[in-house]
Amino acid sequence: MNITFKKRLFIALSYFLAFIFLFGFWTLLNKGTTLAEPYKGNEKLQSASYAPFKYDESPMDLQSGFKIPQERIDEDLKLLSEHFESIRIYSVVGLEAVPKYARKHGLKVMLGIWIGADDVLNQKEIHTAIRLSKEYGDVISSVVVGNEVLLRRELSSTKLAGYIQQVKQALPDTKITYADVWEFWLKNPELSSQVDFVTIHILPYWEDIPVSVEDALTHVAQTRSEVGAILQNKEILIGETGWPSEGKMRGSSSATPFAQAAYMRGFLELAQQNNWNYNLIEAFDQPWKRVSEGAVGGYWGIYDKDAQDKNVFFGEVRDFKNYQTLFLLSSFILALAMLIQLQKQILSFKLISYAFISSILLALQFNQYQIAPKDYVDCLRILTLYFAFTLLYIEVLLQYCNVKFHEKWTKTALNISVFMFLIESLYLVLDGRYRSFEFYGAAFMLLSFFVLLSNKQKSVIKTPFIKFSAITIFMLAIALVFIEGIENFQALIYALLSIGFAAILFQHSRHEQIQFIYKPILFTITVSILILLWRNEFFTNAEYVLICENHANNIQCILRNFIGVLLTLKALGYASLAFALLFGIFQKSLLGYIAIFSSMAAILFFNANLGVITLVFVFMIFIIKEKKLTFKTNFLAPK
């Protein structure tokens, strides 16, 4: 038996053990948790919110001619009729067939009328709802005129009351209500006199101060009691309550399958004890909601997007049902390291350890990326990160084997990673409400950078942009903890990883000069304050809803409506991208400052997905521009 064979055999045996440990890790991670089951299935639950959209379909598709297959509605309602007495829908346009199939399967319907700022669309909804209510009077138990209209600040309570009265007069024998978050009923108690019963939404996860799943039921009981005490002699329906199974941790509120099952099972027991009327949100996962609400918005369903039971009410709860897929992916990543070691005949336990840890981190990050994408910008960002991760992983493996990787690819991987890390940190601080913490990818980058830069790749990140990124990432990490709170352990993990990453970057770029970037930074801070002041005074100020209803020609109202249209079209984000590209091409400082202004406008007016990317790009161009100027000045200076 020669030495080469022995070495390869030892490497193969080492990886065999690594694969066994890997399988054990994923098996352990998928271990089920048993919870009490107050709902035994022997009687039906009251109601659940229903939307028939699957995968990336959305209500917006209805405006472009998309029609929901009636067979799907038939199948969905057949499934829901096994466990529910009623369903709630939020709009009637495009969903006209729902009452027909509800009748077929013995379900009642809370018929929703979607009310917004457009009176023409509102009237279309109202007339359709009135027609359906008269045709299916035996099925439609009540009509909900508007959903969270006051929360969205689209109408005043006075205007909303007018729509409610219009429907009540047309349907005198049907119960009429309006639905909103509980606090907006307390802010507008006069609206309760306009409805037959009050519909309140209590979502502990979404509270301004998030409530943990452990305290959520107490919060629901206290809130229900508070609303009942103020709106006396009024029947109350909890029109939405539930918990997400995936997504960002907010405060101490974690979004996991376990948390969802624990809350929902506990709520059913509490509702039964107190004889509450309720509607659960929601029947099926709705991935399209990720666009506006991030990953968490798409995963409130009792069933997933394929109508598979998520064990919300019955059975063991598992956080990683797809553990077999994740095991296969991590095995492939680990196998790549094994093949390189076998080929190079280098036995390195450091390499095996790095590959083992990386395979788990990358698989977990892949799992999160499956859940998290908001739109095409996010998808492009994720693909870019996959590219950088691949280069980093291969580079570290080759370095352990004493094989030189092409310096161009090394620079590309390192610079893309820094650029994307900075973008993600800005997202979490400036637009963090709906964004998950991608700390698995952050941990992989930190580990890979530590390995690479502790050896011979130090020179590739000695640039002013790296130093600027290091300082910015560090400051954003501190801000993140301040915003999210120390009770959010996911935020703490991401912040610690960010500080470690920033420390590595700063250590290798600390001698670079970046004083010249202070002017763009001060300009960014100044325009941010001005934009925020205007936004809070005129755009998000609830008082302007009533003002603009009565004085539509007011210059502030015209500007307010114009910006609203721009937001819908994501025009602010596209404008910031256009100015950033122009600055990149012509490198004129004026274009750079315009690009900063447009980027901050996009970020602060809810087009942050593109705005943050362009902001980082603009600062990078400022630094490159100044570096070129410094080089030219030094080159031409007299010796």
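The values are calculated or read from the model by the stated rules, or taken from the named source; none is laboratory data. What you see is a predicted model, and the numbers here were worked out from it, not measured in a lab. Here the Cβ is made from the backbone with ideal geometry for all residues, glycine too, and neighbour counts use every protein chain on show. Quick note on the areas: whole protein, heavy atoms, side chains included, nothing else; ligands and nucleic acids left out. Shrake-Rupley method; radii C 1.70, N 1.55, O 1.52, S 1.80 Å.
Here are a few things to note about the model shown:
- Protein accessible area in the chain, 1.4 Å probe - carbon and sulfur %: 62
- Pair-distance profile P(r), taking every C-alpha pair of region 94-238, with 10 angstrom steps and integer %: 11, 38, 33, 17, 1
- Relative pair counts by distance (%), Cα atoms of region 66-130, 10 Å bins: 21, 49, 24, 5
- Rounded to the nearest whole angstrom, the semi-axes of the ellipsoid equivalent to region 335-438, taken from the Cα gyration tensor as √(5λ), stand at 30, 15, 11, largest first.
- Aspartates and glutamates with Cα under 14 Å of LYS404, excluding same-chain neighbours fewer than 8 positions away: GLU395
- The mean accessible area for residues of the chain, using a 1.4 Å probe and ignoring ligands and nucleic acids, is 46 Å² per residue.
- Short to long, the 5 Å bins of the Cα pair-distance histogram for region 448-572 hold 2, 9, 12, 12, 12, 12, 12, 10, 8, 6, 3, 2, 1, 0 percent of all pairs.
- A 1.4 Å probe, protein heavy atoms only, puts the accessible area of MET475 near 120 Å².
- With 18 Å as the limit, the listed pairs LYS78/LYS289; LYS159/LYS187; LYS462/LYS627; LYS31/LYS350; LYS350/LYS411 have LYS78/LYS289; LYS31/LYS350; LYS350/LYS411 beyond it between alpha carbons.
- For region 51-93, the alpha carbon positions stretch 33, 19, 16 Å along the principal axes, listed from largest to smallest.
- Centroid-to-centroid separation of region 545-564 and region 304-369 [C-alpha atoms, Å]: 53
- Values of log10 I(q)/I(0), in the order q = 0.09, 0.12 Å⁻¹, for region 507-639 under a Debye, Cα-only, solvent-free model: -0.36, -0.57
- Counting all C-alpha pairs of region 201-338, share separated by more than 27 Å (%): 28
- DSSP-defined antiparallel bridges as percent of all bridges, the chain, nearest 5: 10
- Calculated P(r) tail over 43 Å for the chain, as whole % of Cα pairs: 33
- Accessible area per residue (1.4 Å probe, heavy atoms of protein chains only) ranks THR463, THR223 as THR463, THR223, with the largest value leading.
- Projected label points at ASN536 and GLU407, each 7 Å from Cα along the beta carbon direction, are separated by 5.0 nanometres.
- Helix-only CD estimate at 222 nm, as mean residue ellipticity for the chain, using -39500 (n - 2.57) per DSSP H run (n ≥ 4): -19500 deg cm²/dmol
- Distance between region 377-423 and region 515-529 - C-alpha centres, whole angstrom: 30
- Environment charge of GLY146, counting only residues whose C-beta is closer than 11 Å and scoring Lys/Arg +1, Asp/Glu -1: -2
- Mean-position separation - Cα centroids, region 109-183 and region 260-286, in angstrom: 24
- Ranking by accessible area, most exposed first, for GLU626, GLU282, GLU75 with a 1.4 Å probe: GLU75, GLU626, GLU282
- Protein-only accessible surface at a 1.4 angstrom probe places the residues ASP285, ASP119 in the order ASP119, ASP285, largest first.
- Rg(Cα)/(2.2 N^0.38 Å) for region 1-131, N = residue count: 1.89
- Descending by average beta-carbon neighbour count within 10 Å, the peptides 179-188, 594-603, 248-257 line up as 594-603, 248-257, 179-188, the highest first.
- Gyration tensor (Cα) of region 1-75, equivalent ellipsoid semi-axes in angstrom: 53, 26, 9
- Built amide H within the under 5 Å cut-off of LEU280, gap 5+: SER47, ALA48, SER49
- Across the chain, the relative contact order, built from alpha-carbon pairs under 8 Å that are at least six residues apart, equals 11 percent.
- Alpha-carbon spread of region 77-168, three principal axes, descending order, Å: 39, 24, 21
- Convex hull volume of the Cα atoms of region 299-340, normalised per residue: 88 Å³.
- Ordering of 16-26, 198-208 by packing is 198-208, 16-26, highest average first (other Cβ atoms within 10 Å, averaged per residue).
- Accessible-area value, GLU85, 1.4 Å probe, nucleic acids and ligands omitted, Å²: 100
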